[in-house]
Each structure stands twice: as C-alpha cells, then as structure tokens.
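Accompanying notes for the structure given below.
The values are calculated or read from the model by the stated rules, or taken from the named source; none is laboratory data. Keep in mind it's a predicted model, so treat the numbers as computed, not measured. Reconstructed Cβ throughout: ideal geometry from the backbone, glycine too, with neighbour counts over all protein chains shown. Surface areas here come from the heavy atoms of the whole protein model, side chains and all, with no ligands, DNA or RNA. Shrake-Rupley method; radii C 1.70, N 1.55, O 1.52, S 1.80 Å.
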Amino acid sequence: MKPLESELNFYTKNGKDFLNSGEDGVREGTWHWDLKKPHFSGVNSRFWGFLGYDQQPVSELPADWKSLMDPQDLEFFRELLDKHSAEPQKYSFDIVCKFRHFEGYPVWLNFKKSTVDSPKLNPYKVVGSFSLLRAEGEDTVALKKKVDYFQNVIEASNLGTFEVDFEKEIAICNDRYAGMLGYTLEELEPWNHNTWLKLVHPEDCKVVKESYEKYINNQGIYEMEFRMKHKQGHWVWILSRAEIIEYSPQGKPRKMAGYHYDITRRKTDELLLAKFKKLLEQSNEAAQIGYWELDFDKNLIYWSKVVREIREVPADYNPSLDDALRYYLEGEDRERLTKAIEKAMQEPTKFDLQAQIKTYKGNLKWVRVIGISEFQEGKCVTLYGLMQDISDKQKMTDDLTEHNNRLINFAHIVSHNLRSHTGNISMLMELAQGEDPALMENEFFKNIKIVSDNMNETILHLNEIVEINAKVVTAMSSHNLLESIEKVIQNINSTIKESHTKIEINVPKDIEVLAVHAYLESIILNLITNAIKYKKTDSRAIIKITAGICQEFVYLEFADNGMGIDLDKYGSQLFGMYRTFHEHKEARGVGLFIIKNQIEAMGGRIEVKSSVNKGSNFTTYFKNGDY
Amino acid sequence: MEITKTACIIDDDPIFVFGTKILLKNNGFGTDIMVCKNGKEALDLFSDILSSVKELPELILLDLNMPVMDGWEFLEEFDKISNQKKSCIYVLSSSIDKRDMERAMAYPSVRNFITKPLSSIKLRELILEMETPGHQ
C-alpha cells in the first residue's frame, strides 16, 4: 500500500472533522505523526497549497510528503519529536523545516505541536499545525535563509564552531570541532573551559590562558594559535578566533562564540621553513656569505647580517638603494659592478664578479658578488644575490703572485750574474790556453776547465726553466701532432737506426695540439731519446707512441720496453732537476725536469707508470687545439 | 795586409775588459782600444768625437748592466746624436733572455746581440759580419 493511500485510508477511518479542523484558518495546515509507524504520518491539503501543488491532480502528487522536506531538517524533526515525546516538559515542539516548492525554490514551514489534546485515538500519535513562514513576514524567511547559508559556509570551510556560556560554564560545539581532535561530541562531554585547557599543549597553555584572560577583561582580540592533543596522541595546530556575543546587564561577558581551524599543515610548513631559514643563515654565517636584495618595485634594499658585517655598518644602519653601489671603490671596481647591474636589469642574467669595497669604517676588502635579476612582465623587479668576503683568498693570491714574481726575478738575477762570472772564467781559460797551449796538460787547469764548462751548462738550464713560463704566453699555437712527431723522428733518424730502435706510431692524422712549437718538439725528442738511452742492454728498444682526444685535452703516450724506473723509490724525484736513476754515461737529469716544466707551462700535465725491467709509460696531456 | 781597426769597449767588468782587449788585439785591432766604464763615459767620449769631425770606432761592444748609465739608456741617447748610416754597436751581455735580445735589436744602431762569454770564434764571426756591407 502506498503511503498516500494509507494516509487517505487513515483519514477516512478517523473522521473528516479532525482532518479539516485546520482548513478554516487560512494560514495553517495540520499534520500528524505516528511514533510507532512514522510512515503513517500525514498533512492536509493546505500543505500542497503552500508548496504550489494545489493545481495538480491528486494522482500527480508526490507519494510521500516528507520527500519534499530537506533530509537534514527531517532528521531534526524526528529527533525533536522523539525528545519531546520522552520529556515534553523539557523539549517543546516548535521547528522550522525547509521544503522544496513545486517551482523549485525553498519554502519554510513552521511545525508546532497542537496545544489542544487530540482525541485519544492512538497514544503514539502526535498532532499539530504548520504555517508558511513567508506568510508571516519576509524577515523570518531571510533569517532562516541566512542561517542556512552560514551553516553551509561553516561546513564548507571546515570550521569547528563553539559557543561558550560563561554562566552555565558549558561550551557547545559542532561535530567538526570535535572531529578535528579525533573525537565525537559525546566523547568530549563535559566540555568546558577546564576540559578544553587539559587538551592544550603544556607549552602553549600559559600563553593561551593569558590571552584568554586578557580578552575576557576587554583587552585585545581573541585570536591565538596553539596545539591540542588529538585522540590518537599527536598534536593538532589550532587557530582560534572568538568574540563575546552577549553581556550581562552588569557588563560581564555572558556568551562567547568562535571557531577552531586546523592549521597543522600550514604550521608544519612554517616551522620547516623557519628551520631551513635558520640553517641557511647559520651556514651563511659560517661561510661568511651574505644575502642581499634590491627590490625595485618597492624601492627597498635588504642586507643580511653577514652583508652588514662585511660592510661594517652600525647595527642601526638603514641602507638605501644608493648604498648598493656606494661602497665599491670608485673607478674600475664600481664601474664593473655598475655595468653588471645595468646589464642584469635589462635581461634576466646572473653575474659573478670580484671587486674591492671600502667599508663603512674605511677598511678595504675584497668581495665576491653574485647577482641574479628577476623579471615580471618584462620588467626587472628584483635583483638578489650573495656577497662573500674573499679578502683572505685575494691576499693569498696576491702574495703568491708576488712571491712567484720575486722567484722569477731571483732566478733571472742568479742566472745573469752567475753567467757573467762563468763567462769570464771561460774567456780567461781560452785566452790563457791560446797564449800557452801547454797549460792544458796541467791537471788543475784541466779540471778548472771542466768545472767552468759544467757551470756554464747548469746556468743555461736554469735560464731555460726561467724562460719557459715567459715564453708560453706569447708562443702558443696549434700544431698537428703526427707531423710534429714525424719531424722529430726524422731529425734523430741516425740515432734510431744505429740503436736498432723500433718505433710504432698510432696517432690519428687530424689531432691538433695547442703548444709552443719548440717545446712540443723538445718533449717528443726527450721522451724518445730517453727510451732509447734507457733501453735494456740485451734487447733493442721498442717504443709505442699513441695519442687520442680526452675532452679538452690530447693525450700522447710513449710506452717502451726498457729498464724501467723504480717508482716507489724514485717516484717523487723523477721530475726533479739533476735526478738520474741509471748508471748511464749520458744521464744528465735535466730532460724530464725541463719537459715537465714545459708541459705544465702549456697547461698540460705528465704522468708516468713504470716497472723495473719491464718498461716505462709516459703519458703527456696537451691542450686540444680543436677544442 | 791587415789594417788596424778601431774599437771601443763599454763595460764595467775589468776582467771582461782585460780578456776582450787581448781577443781584439789577437784579431787585428789596434792597441789603442777605447774603454768606457759606463754609458755616460761613452756618450761623452762619442759626443766629443762627433763634434770634432773625427770617426767613431768601427766596433763598439756595449754591455747592458752598468752603473751610472746602463746600456739601454746609452742606446737611447746615442741614437739621438749618431748620424751613422752603419750600425756598429754589438750588445754583449750575459743575458740570454729573448726579450732583451729583441729589445736591443730594435735600436737602429745595434748590429747584433752577443751572449757572453766572448770567444775567439764569436769574435771572428762578428768581424766577418761587420765587414759585410749593408744591414742584416
């Protein structure tokens, strides 16, 4: 049986008088409800009139009048009805419910229980009247609409609401309020100021209490962030705002309403950010790196603590945009920075340069400045970057350069002055010998001549070393590696033939190296002649020359099958001056020293692998001429 | 057939002067070899010679490192007063620095750069070059 039919049956059974008792009042309809059998509930035709169904034939009416009621309101309706039935003294039945009008818009009906006792047909039957709120005044409808609206907003915004009654010492909250902490409302009971404080984090308790008291005593606003304990044990960050909504006639707060909002995520992010910020600041400080920023939009300049320390400005110094450049030494340094900044402001760029500043206290310092420009809609809005005090580093570089120059000068002077003396000795020896050839028979004289010759040679070597670095700057050019090797081999062809040396060349035709021509030949020559010189006595020398490209370098390798060198014993001295490791009549101990200097002066390096009686492998690295 | 040639040594090193004098004499130079201890002395001497329309020595051996006026300063000044068409100065120095050589060769009056020590062989080559007409 359809509810409507049953309803009709019910009406017929129970007499039309009652049903129509409300018909006379224009603005009210009647309703009835069976607590045991809720579907046996009904409304009179006035209901359909209120909802705009009065033009519809009865067969077209919705099967159940309750289906037109807002589901939540229906729930409230039932709850209140139950409560009322159980404790009629405590709960009066008076409720406004929302319905959907035939044309779609909402209408509100005010349901009240009849004050007149209904005929005792059924002990579980409740009877009452309903009226259309609109008919009673637009304000009420608007209010109900507004309440509804706020209800929606609160739900959508995830706010936990509360209302404190200071007199009754209770707080009434919504579901979300409790849910935020993992509880149901029932679980929180009894909820009041004290039980609330029990869940607040001990560290926040003091501040929360103070703010609370202050606000109650009319100071400040009620807005705080604190932690509350979740049912599962973790802490939830809460943002709480509230306002007193009712005062007693004596001016004492009577009621306060407000909300809780879960800000755990924001707070966690904030704390993490603060942690990283602190970490960055600390590492910056440790490395003496400062942060600076120019904000062209707001015309602001920011210098971090370290930047201020580098510039030695007083604690209360407020920099202006002009200060960005003013501290750089007038002239070259300031110009360099001005240019870099101008360029960065024209297009998004990064600059990294070193300049000298004169600090607020007048000290000179070397700084490294890194700047990055940021653009918005084609306009440079900020320029930010780092500043580092590199005075120590710069001083070290300066000292080293000076030291190096002094060494070169020293070497020049030594070689020059010594040369004039040895030159004189040589000349005198020659003259004396010319005058009296018999002098050469004299052992002393003979030995002095040897010493003089040796000394001349030593000084020549010394000069060569001194010259290497000076030469390189001007004389580097690109050379074909294979051609250079072939040329050297051609020059020492007779030596190679005499010693029956076999040379295997595996060098690609197109490799170009960046080198000083004379050095390149000297290096190749030295490494080949060394291999021949230090071959094993019982077999002929086989030299394998290979080359290849390794990024910006070209490697050139000389592998031989000679005597080898005990690297454990001599490794550290191998490239030293006047180091000889074999009892060889021609060993002079200059070759490796000179070629190492030559290679390094040209920006390359030399490596050696060797084992005694197996052979040596010298690998040289040159700058790639095609790179 | 040897014609005695004139020469001037500008050097502050007495041993070098002593040896060079012998070498020059052994190679056909006269006994009256002029010696100046620095550039200033030489410049004064040559100014006198030039003003009295006498001939400058055929060979001038110039050291670079000297007190009072060094070889470089001398060359600067000498090029101002000299009207010689032929360069007759040989720079003799212990320096083997290429930059010194190039710098010296840049003076019109400098014929060549010789690295000390001077020897009979070097001197003979020098004389040969000197007698070759025209510039290098």
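Tabulated values for the structure
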{"item": "Some residue of the stretch B:57-68 being open to solvent by 60 Å² or more (accessible area, probe 1.4 Å), more than 30 Å from A:Leu460 (Cα to Cα) and away from every other protein chain (no Cβ under 14 Å)", "result": "yes"}
{"item": "Test: residue in the stretch A:584-596 that is closer than 20 Å to A:Val488 by Cα and at pLDDT 90 or above", "result": "no"}
{"item": "Test: residue in the stretch A:326-333 that is in a helix (DSSP H, G or I) and modelled with pLDDT of 85 or more", "result": "yes"}
{"item": "Residues located in the stretch A:404-414, provided they are more than 8 Å from chain B (Cβ to nearest Cβ) and either under 21 Å from B:Val91 (Cα atoms) or loosely packed, with under 11 Cβ neighbours inside 10 Å (or both)", "result": "A:Asn405, A:Arg406, A:Ile413, A:Val414"}
{"item": "Sole residue being among the charged types (D, E, K, R), part of a strand (DSSP E or B) and away from chain B (no Cβ under 14 Å), chosen from A:Lys361, A:Lys365, A:Lys393", "result": "A:Lys365"}
{"item": "Failed item, numbered, when A:Met387 is tested on (1) closer than 28 Å to A:Arg308 by Cα; (2) within 14 Å of chain B (Cβ to nearest Cβ); (3) aliphatic (A, V, I, L, M)", "result": "(2)"}
{"item": "Where A:Glu430 falls short, out of the listed (1) within 11 Å of another protein chain (Cβ to nearest Cβ); (2) closer than 27 Å to A:Gly576 by Cα", "result": "(2)"}
{"item": "All strands (runs of 3 or more DSSP E) inside the stretch A:452-550 with 3 or more residues being open to solvent by 30 Å² or more (accessible area, probe 1.4 Å) and away from chain B (no Cβ under 14 Å)", "result": "A:476-480, A:502-506, A:542-550"}
{"item": "Selection count, the stretch A:76-103, where residues are open to solvent by 90 Å² or more (accessible area, probe 1.4 Å), in contact with a Leu (Cβ under 7 Å, 6 or more places away or on another chain) and either assigned to a loop (DSSP other than H, G, I, E, B) or under 17 Å from A:Gly128 (Cα atoms) (or both)", "result": "1"}
{"item": "Of all residues in the stretch A:345-372 being polar (S, T, N, Q) and farther than 22 Å from A:Ile310 by Cα, the one that is surrounded by the fewest Cβ atoms within 10 Å (Cβ to Cβ)", "result": "A:Gln346"}
{"item": "Conditions (1) more than 22 Å from A:Tyr555 (Cα to Cα); (2) at pLDDT below 85; (3) not assigned by TED's automatic domain parsing to the domain that holds A:Ser415: number failed by A:Ile492", "result": "(2)"}
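Table: residues versus (1) open to solvent by less than 10 Å² (accessible area, probe 1.4 Å); (2) outside any loop (DSSP other than H, G, I, E, B); (3) within 14 Å of chain A (Cβ to nearest Cβ); (4) at pLDDT 85 or above.
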residue	(1), (2), (3), (4)
B:Glu76	no, yes, no, yes
B:Arg99	no, yes, yes, no
B:Tyr107	no, no, no, yes
B:Lys122	no, yes, yes, yes
